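Peer 1: The structure's right below; bear with me while I get my questions together.
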Amino acid sequence: MLVSIYRYNPDTDEKPVMQDVEVELPEDKDLMVLDVLALVKQQDSSVVYRRSCREGVCGSDGMNINGTNGLACITPMSTAVKSGGKLVLRPLPGLPVIRDLVVDMSIFYKQYEKIKPYLINDTAPPAIERLQSPEDRAKLDGLYECILCACCSTNCPSFWWNPDKFIGPAGLLQAYRFLADTRDTADNERLSELDDPFSVFRCRGIMNCVAVCPKGLNPTRAIGHIRSMLIEHGT
Amino acid sequence: MTGMRTLTFDAVIVGGGGAGMRAALQLAQSGYNTAVITKVFPTRSHTVSAQGGITCAIASDDPNDDWRWHMYDTVKGSDYIGDQDAIEYMCSEGPQTVFELEHMGLPFSRTEKGRIYQRPFGGQSKDFGKGGQAARTCAAADRTGHALLHTLYQGNLKNNTAFLNEWYATDLVKNQDGAIVGVIAICIETGETVFVKSKATVFATGGAGRIYASTTNALINTGDGVGMALRAGFPVQDIEMWQFHPTGIYGAGTLVTEGCRGEGGYLINKDGERFMERYAPNAKDLAGRDVVARSMVLEILEGRGCGENGDHVMLKLDHLGEEVLNSKLPGILELSRTFAHVDPVKEPIPVVPTCHYMMGGIPTNVNGQALTQNEKGEDAIIPGLFAVGEVACVSVHGANRLGGNSLLDLVVFGRAAGKHIEEMLSQGLEQREASVTDIEQAQNRLARLNESSSGESVSTLRAELQNIMQNHFGVFRRGDFMQDGIQKLSALRERIANVHLDDKSLTFNTARIEALELENLFEVAEATAIAAEGRNESRGAHARDDFRERDDENWLCHSMYFPKGKRVGKRDVNFSPKTVDTFEPQVRSY
């Protein structure tokens, strides 16, 4: 199998190149892209990528695989590569490259921090847990599962254009996760902070985020809910 | 000094998983200058992979539940070498700790009454083993670790904890008094090496499952804390005790939560027989993990395994129905479809016992203070060093951890260490400055690695190490086999010491990190091997073919492995809880 990898090391390279590496794959197994990367690194230890859980829950190994953002550890080769083709690995688009497949995620995290991603409830907590009905808890399903892999935000043209001002799908999904939580009492404060032309409204609803989310989440829908809340909040 | 930058903090926590972030939160809330050094962005830590839940007597499922019942189960689960003062502390402080997490926003699943949902897990009982199966594991679907880790990260953001993300601690810095005054750390992004100076250094570096070829553990679980402690000359306790989780996905090693069996799933052999009924007539599939793992291996050895090679068994869930599976075990459906290519709604999941958890580690007291032994063999506190979570051996898990007790261990003892350090700092905690030599000493291995010009590759040596451990120190162990393994390890030591780093660049050099990790893996592996060979009995997860019985006369104690001279000593188990009567050792059956 031919693997074409984006290579760039600021210590030594003037500019990035796509490097082709030949890797021998076992015939009877459908490896994950991350397993193939490990085989590449066995040949050339200078190839750099992030990885941790290798089961799709930590969000370390988001990358662009044959043109589509995804997690290397849960993308099987059979899905990534059409028959006869090669595996093409590039860093997530739209963020500065640190080295090879590793991007600088600072601005992505900054947008996440901006939405105050923590429960705000200034009333004194009870001696036990705060009660919440199963129905109210169900409102958090499809929101809290985000793994911050950045596959969605780096697939979003609005985020490419305004990564400093548009929160992006990942951050907004979490913004709604707290707006939707019946235990959170800061809806007004949260909405006021989102109420500008950029933070939410740069979303054009093209659903690029939904198309690539490795956890099957739907940020566009969450953004729609925030829009409705903002409209109500403004009136 | 050595031309190296020094960063100074009141407390530095090495590791950004559940234990580290709970400790950091405690200290950040009290306003101390605290930093978390973590080799991955905090939410990428292995806590994220915990699925089934956090066990704790919050009396939601059963209003009469009692933390003493949880304590009884934990002591029994530990095969009686868990320290009863520590288990008492964990089980009694647990409810408050879990409520705090809920108040912080953790999205627990709920009961109709609006309380936290609890599911049955292995080794749980009511009324000190007399009242049948309990349901004591608090869950956020089957993503409890993810929910817990993100909630703690969020709590730390709220409290402005300083994070040194993607920094890697290489070694402890010890002053002339033997006190720990910080660590040497590399900023992975720039390659800069820094002395991180601190009045209190807390290890929360997690486990080391990567010493085995087949493990549920993340690739980052390389025993960095144990490696650093051993290199600094400190002992580790009960390091021979490794848990093999009954249900790792066959071939992939990824975890399938015990919660599957808690929700009513069960294991079958090739004849479709629910074989756990034979091995544990009462608890069946919810016996202790060591018991279930051994039963599975026996089924396989006796020719009743499944598949072409008869080398695994099956976990049956389809009878639970699609609705239950979707609401209670959605993550398992995902993992099974991805890694086992089966849909649990229709067919069983192929599973096999897989290395999962390190019960042993750096011995500590309930305040998280790391311990060694003085010349008389008495406990002695190591000034400045703390350990919490999987790297620590406080010891609440003894010879076998109960499912759901690891998340509880993380948050209870992360919090306890944070509180204790807070108190020490408020009373004025000072250590003597480290000298240039002290700091250079801690940089030795980094310097050697950076100068390496020949030698073998990390991946070759690592694979060899993992295979030795897998073949010689697995679910069942035997003296001659282990001695053979120790010989092989001993031959490997020098080769690993000469590991070759061909990429010497600075920016985000993961080859360098992997080489440093390999040395830690080796330290953990060798300590495991020597301690395992030394314990001549079967207890909990340590099952020997040549010593099949538990030997309370000689081994109702902790093992202590000392790196100097590679000596195995003993340490007393605590049998003196403060508020309840001692749980005396009994025959352990489920």
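Peer 1: Being hydroxyl-bearing (Ser, Thr, Tyr) and in contact with a strand residue (DSSP E or B) (Cβ under 6 Å, 6 or more places away or on another chain) is the filter here; which residues of the range B:108-132 pass it?
Peer 2: Across the range B:108-132, the qualifying residue is only B:TYR117.
Peer 1: Residues in the range B:287-303 that are surrounded by 14 or more Cβ atoms within 10 Å (Cβ to Cβ) and either touching a helix residue (DSSP H, G or I) at 6+ places or on another chain (Cβ under 6 Å) or on the phi > 0 side of the Ramachandran plot (or both): how many?
Peer 2: 2
Peer 1: Could you list all residues from the range A:94-149 that are of a type in the set (A, V, I, L, M, F, W, C), more than 10 Å from every other protein chain (Cβ to nearest Cβ) and assigned to a helix (DSSP H, G or I)?
Peer 2: A:ILE107, A:PHE108
Peer 1: Moving on. Please find, among B:ASP73, B:ASP10, the residue that is surrounded by fewer than 24 Cβ atoms within 10 Å (Cβ to Cβ) and over 17 Å from B:LEU410 (Cα atoms).
Peer 2: On inspection, the qualifying residue turns out to be B:ASP10.
Peer 1: List, please: which pairs have Cβ atoms under 9 Å, are six or more places apart or on different chains, and start with a residue in the range B:97-125 that is more than 7 Å from chain A (Cβ to nearest Cβ) and more than 21 Å from B:GLY403 (Cβ to Cβ) and end with one that is crowded, with 24+ Cβ neighbours inside 10 Å and β-branched (Val, Ile, Thr)?
Peer 2: Pairs found: B:GLU100/B:VAL411.
Peer 1: For the range B:326-347, which residues satisfy the criterion of being among the aliphatic types (A, V, I, L, M) and within 10 Å of chain A (Cβ to nearest Cβ)? Give the derivation first.
Peer 2: The first filter runs over the range B:326-347 and keeps only residues among the aliphatic types (A, V, I, L, M), leaving B:329, B:332-333, B:335, B:340, B:342, B:345.
Correct list: B:LEU335 only.
Peer 1: So, one more: So, in the range B:353-403, exactly how many residues are surrounded by 24 or more Cβ atoms within 10 Å (Cβ to Cβ) and not in a strand (DSSP E or B)?
Peer 2: Adding up the residues that qualify gives 17.
Peer 1: Go through A:GLY56, A:GLY67, A:GLY62, A:GLY94 for me and flag whichever is in contact with a Leu (Cβ under 6 Å, 6 or more places away or on another chain) and on the phi > 0 side of the Ramachandran plot.
Peer 2: Testing whether each residue is in contact with a Leu (Cβ under 6 Å, 6 or more places away or on another chain) and on the phi > 0 side of the Ramachandran plot leaves just A:GLY56.
Peer 1: Out of the residues in the range A:57-82 that are in a loop (DSSP other than H, G, I, E, B) and within 7 Å of chain B (Cβ to nearest Cβ), state the one that is surrounded by the fewest Cβ atoms within 10 Å (Cβ to Cβ).
Peer 2: Here is the first cut: in the range A:57-82, the ones in a loop (DSSP other than H, G, I, E, B) are A:57-61, A:66-67, A:75, A:81-82.
Right, trim to within 7 Å of chain B (Cβ to nearest Cβ) and you get A:57-60.
Values: A:VAL57: 32, A:CYS58: 30, A:GLY59: 25, A:SER60: 28.
Ranking the candidates gives A:GLY59 first.
Peer 1: Kindly establish whether B:VAL202 is surrounded by 24 or more Cβ atoms within 10 Å (Cβ to Cβ), touching a residue at least 12 places away in the same chain (Cβ under 8 Å) and away from chain A (no Cβ under 14 Å).
Peer 2: When the stated conditions are applied, B:VAL202 passes them.
Peer 1: Quickly run through the range B:170-207 and pick out the residues that are of a type in the set (Val, Ile, Thr) and not in a loop (DSSP other than H, G, I, E, B).
Peer 2: Once the filter is applied, which keeps residues that are of a type in the set (Val, Ile, Thr) and not in a loop (DSSP other than H, G, I, E, B), the range B:170-207 yields B:THR170, B:VAL173, B:ILE180, B:VAL181, B:VAL183, B:ILE184, B:ILE186, B:THR193, B:VAL194, B:VAL196, B:THR201, B:VAL202.
Peer 1: Out of curiosity, is B:ASN405 of a type outside the set (Asp, Glu), closer than 22 Å to B:GLY52 by Cβ and touching a residue at least 60 places away in the same chain (Cβ under 8 Å)?
Peer 2: Considered against the rule, which asks whether it is of a type outside the set (Asp, Glu), closer than 22 Å to B:GLY52 by Cβ and touching a residue at least 60 places away in the same chain (Cβ under 8 Å), B:ASN405 comes out as yes.
Peer 1: Continuing with the same structure: Out of (1) over 22 Å from the mean Cα position of the chain (by Cα); (2) surrounded by fewer than 24 Cβ atoms within 10 Å (Cβ to Cβ); (3) not acidic (Asp, Glu), the odd one out for B:PHE108 is which?
Peer 2: For B:PHE108, the exception is condition (2).
Peer 1: Looking at B:GLU519, B:GLU537, B:GLU514, which one is farther than 30 Å from A:VAL103 by Cα, touching a residue at least 12 places away in the same chain (Cβ under 8 Å) and charged (D, E, K, R)?
Peer 2: Just a single option satisfies the conditions, and that option is B:GLU537.
Peer 1: Filtering the range B:494-515 down to residues that are of a type in the set (S, T, N, Q) and at the interface with another protein chain (Cβ under 9 Å from one of its Cβ atoms), which residue is surrounded by the fewest Cβ atoms within 10 Å (Cβ to Cβ)?
Peer 2: B:SER505
Peer 1: Inside the range A:151-235, counting only helices (runs of 4 or more DSSP H) that do not spill past its ends, which hold 1 or more residues that are closer than 25 Å to A:ASN64 by Cβ, modelled with pLDDT of 95 or more and not aromatic (Phe, Trp, Tyr)?
Peer 2: A:157-161, A:168-179, A:208-212, A:219-234
Peer 1: Anything in the range A:42-56 that is surrounded by fewer than 21 Cβ atoms within 10 Å (Cβ to Cβ) and either outside the structural domain of A:ARG7 (by TED's automatic domain parsing) or in contact (Cβ under 8 Å) with a residue 24 or more places away in the chain (or both)? List them, or say none.
Peer 2: A:SER46
Peer 1: If you go through the range B:1-59, how many residues are over 22 Å from the mean Cα position of the chain (by Cα), of a type in the set (S, T, N, Q) and part of a loop (DSSP other than H, G, I, E, B)?
Peer 2: So the answer is 3.
Peer 1: Looking at B:SER214, B:SER198, B:SER295, which is the one that is over 22 Å from the mean Cα position of the chain (by Cα) and either more than 22 Å from B:SER125 (Cβ to Cβ) or at pLDDT below 95 (or both)?
Peer 2: After applying the criteria, what remains is B:SER198.
Peer 1: From the list A:THR123, A:THR154, which residue is outside the structural domain of A:THR12 (by TED's automatic domain parsing), over 30 Å from A:TYR8 (Cα atoms) and either touching a Phe, Trp or Tyr at 6+ places or on another chain (Cβ under 6 Å) or of a type in the set (Val, Ile, Thr) (or both)?
Peer 2: A:THR123 is the lone residue from the list that is outside the structural domain of A:THR12 (by TED's automatic domain parsing), over 30 Å from A:TYR8 (Cα atoms) and either touching a Phe, Trp or Tyr at 6+ places or on another chain (Cβ under 6 Å) or of a type in the set (Val, Ile, Thr) (or both).
Peer 1: Does A:LEU25 satisfy being under 16 Å from A:ILE65 (Cβ atoms), of a type in the set (A, V, I, L, M, F, W, C) and within 11 Å of another protein chain (Cβ to nearest Cβ)? It would help to see each step written out before you state the result.
Peer 2: Values: under 16 Å from A:ILE65 (Cβ atoms): yes; of a type in the set (A, V, I, L, M, F, W, C): yes; within 11 Å of another protein chain (Cβ to nearest Cβ): no.
Judged against the criteria, A:LEU25 is not a match.
Peer 1: I've got another one for you. Regarding A:LEU95, is this residue in contact (Cβ under 8 Å) with a residue 40 or more places away in the chain, surrounded by 18 or more Cβ atoms within 10 Å (Cβ to Cβ) and under 21 Å from B:THR190 (Cα atoms)?
Peer 2: Taking the combined requirement at face value, the residue satisfies it.
Peer 1: Suppose the filter is away from every other protein chain (no Cβ under 13 Å), surrounded by 21 or more Cβ atoms within 10 Å (Cβ to Cβ) and either closer than 30 Å to A:ILE147 by Cβ or in contact (Cβ under 8 Å) with a residue 24 or more places away in the chain (or both); does B:ASP62 pass it?
Peer 2: no
Peer 1: Identify, by number, the condition in (1) under 24 Å from B:LYS504 (Cα atoms); (2) among the charged types (D, E, K, R); (3) in a loop (DSSP other than H, G, I, E, B) that A:LYS41 doesn't meet.
Peer 2: All conditions are met except number (3).
Peer 1: Being in contact with a Pro (Cβ under 9 Å, 6 or more places away or on another chain) and within 14 Å of B:ALA35 (Cα to Cα) is the filter here, so list the residues in the range B:152-180 that pass it.
Peer 2: Matches in the range B:152-180: B:TYR153, B:ASN156, B:LEU157, B:PHE163, B:ASN165.
Peer 1: Oh, and also: So which of A:LEU39, A:LEU34 is touching a residue at least 12 places away in the same chain (Cβ under 8 Å), of a type in the set (A, V, I, L, M, F, W, C), within 12 Å of another protein chain (Cβ to nearest Cβ) and touching a Cys at 6+ places or on another chain (Cβ under 6 Å)?
Peer 2: Of A:LEU39, A:LEU34, the one residue that is touching a residue at least 12 places away in the same chain (Cβ under 8 Å), of a type in the set (A, V, I, L, M, F, W, C), within 12 Å of another protein chain (Cβ to nearest Cβ) and touching a Cys at 6+ places or on another chain (Cβ under 6 Å) is A:LEU34.
Peer 1: Being on the phi > 0 side of the Ramachandran plot, touching a residue at least 40 places away in the same chain (Cβ under 8 Å) and not charged (D, E, K, R) is true for just one of B:PHE562, B:PHE508, B:PHE575. Which residue is that?
Peer 2: Just one listed residue meets the conditions, B:PHE508.
The values are calculated or read from the model by the stated rules, or taken from the named source; none is laboratory data. Computed from a prediction, not measured in an experiment: that's the story for all the values here. Neighbour counts run over all protein chains shown; Cβ positions are idealised from the backbone, glycine included.
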